[in-house]
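The values are calculated or read from the model by the stated rules, or taken from the named source; none is laboratory data. Please read all numbers here as calculations on a predicted model, not as lab measurements. All Cβ positions, even for glycine, are placed from backbone atoms using ideal geometry, and neighbour counts span all protein chains on display.
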Amino acid sequence: MMIRESQIMKIHYITAIGALFVVAVHILMRLIMPYNMSLEYENVIANYHNIPYAILLESILVLIAIHGFNGLRVILLELRQSKAWEDGVTVLTIAAMMGVIAYGTRTIIVANGLGFE
Amino acid sequence: MEKMSDRNNREGVKGWLNPGRYGWERIAYWLQRLTGVGLLAYFVGHIYETSSLTQGPDAWTAMLELTQTPMGHLILLLVIGMSTYHSANGIRLIFTHGGKGLGKPGRPDYPYDAASLNYRQKSGIWIALILALAAMLYGASVLFGGH
């Protein structure tokens with residue numbers, strides 16, 4: 001399935017606006033208590049046990065991974081143009097995006113389960 | 001017909017970074033890209049950093065000892081500035097790509113200033129830079145102020 005570049009740019013902008021809101025909430029969660037205290041293990045794990053917050057973290061992960069790796073793809077396509085380069089860049093950025101999402105999701109799932117055993 | 005691969009007019013990174021072209025808009029263009037790449041690198045590093053949570057409190061504390069240092073805080077300040085600039089300038093670009101704030105096309109008279117590179121665009125770039133500075137100052141008060 002081919003997606004037009006104009007459709008990819010719409011996805012790029014929608015993920016950017018979505019990421020702005022969820023990252024703002026993520027930062028506010030670091031500021032509702034003294035910054036150093038918010039980074040203590042118990043407090044961070046408590047965040048991951050909060051299901052709405054875990055969903056928020058997953059949405060940050062997906063939105064920024066899509067936006068970030070598509071941005072990298074756009075930059076690399078501006079630098080060089082050929083069929084092989086464009087295909088290679090697209091495949092590599094999609095693979096990297098999926099790898100980062102998978103690794104981050106693993107952290108969210110495992111941290112969400114910690115302390116429940 | 002000339003093949004695309006035979007063309008020898010690619011400037012690559014040199015053309016991308018040339019600050020002599022188009023003034024502030026060009027600087028805003030490459031700042032958007034540099035901050036984007038920097039933020040992507042931080043994002044990947046942050047995913048790795050938080051993954052230490054899954055190895056228990058000791059691994060998390062060891063990671064904090066590595067990142068919650070004056071140098072770590074300086075990097076975080078840079079990330080705050082980069083993310084604020086990237087967001088504010090990105091919003092300007094979304095409007096610009098939608099045709100907002102570009103002005104009306106006019107006859108190209110000397111000195112051939114493009115109508116699209118108008119005060120609205122320049123104001124947007126300055127607002128992004130000022131917001132980034134303000135966010136970095138607030139970040140510094142939180143990270144170094146002991147709040």
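At-a-glance table
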{"quantity": "Qualifying residue in the stretch A:6-15 (condition: farther than 26 Å from B:L53 by Cα, within 8 Å of another protein chain (Cβ to nearest Cβ) and part of a helix (DSSP H, G or I))", "calculated": "yes"}
{"quantity": "Residues of the stretch B:109-122 classified as surrounded by 10 or more Cβ atoms within 10 Å (Cβ to Cβ) and in a loop (DSSP other than H, G, I, E, B), total", "calculated": "6"}
{"quantity": "Which listed residue, of B:A28, B:A59, B:A41, is among the aliphatic types (A, V, I, L, M) and farther than 26 Å from A:I75 by Cβ", "calculated": "B:A59"}
{"quantity": "The stretch B:53-92 - residue that is more than 9 Å from chain A (Cβ to nearest Cβ), buried (at least 20 other Cβ atoms within 10 Å of the Cβ) and among the hydroxyl-bearing types (S, T, Y) and, of those, nearest to the chain's Cα centre (by Cα)", "calculated": "B:Y85"}
{"quantity": "Test: B:P19 is more than 29 Å from A:I11 (Cα to Cα), within 11 Å of chain A (Cβ to nearest Cβ) and at pLDDT below 95", "calculated": "no"}
{"quantity": "Cβ-Cβ under 7 Å pairs, at least 6 apart or on other chains, the stretch B:49-60 side farther than 13 Å from A:I45 by Cβ, far side assigned to a helix (DSSP H, G or I)", "calculated": "B:E49/B:M63; B:E49/B:T67; B:S51/A:Y103; B:S51/A:T107"}
{"quantity": "Scan of the stretch A:10-28 for residues that are hydrophobic (A, V, I, L, M, F, W, C) and under 17 Å from the mean Cα position of the chain (by Cα), ordered by number", "calculated": "A:I11, A:I14, A:A16, A:I17, A:A19, A:L20, A:F21, A:V22, A:V23, A:A24, A:V25, A:I27"}
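Residues checked against (1) without any contact (Cβ under 8 Å) to a residue 12 or more places away in the chain; (2) within 12 Å of chain B (Cβ to nearest Cβ):
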site: A:P52; (1), (2): yes, no
site: A:I64; (1), (2): no, yes
site: A:H67; (1), (2): no, yes
site: A:Q81; (1), (2): yes, yes
site: A:E86; (1), (2): yes, yes
site: A:L92; (1), (2): yes, no
site: A:I101; (1), (2): no, yes
site: A:G104; (1), (2): no, yes
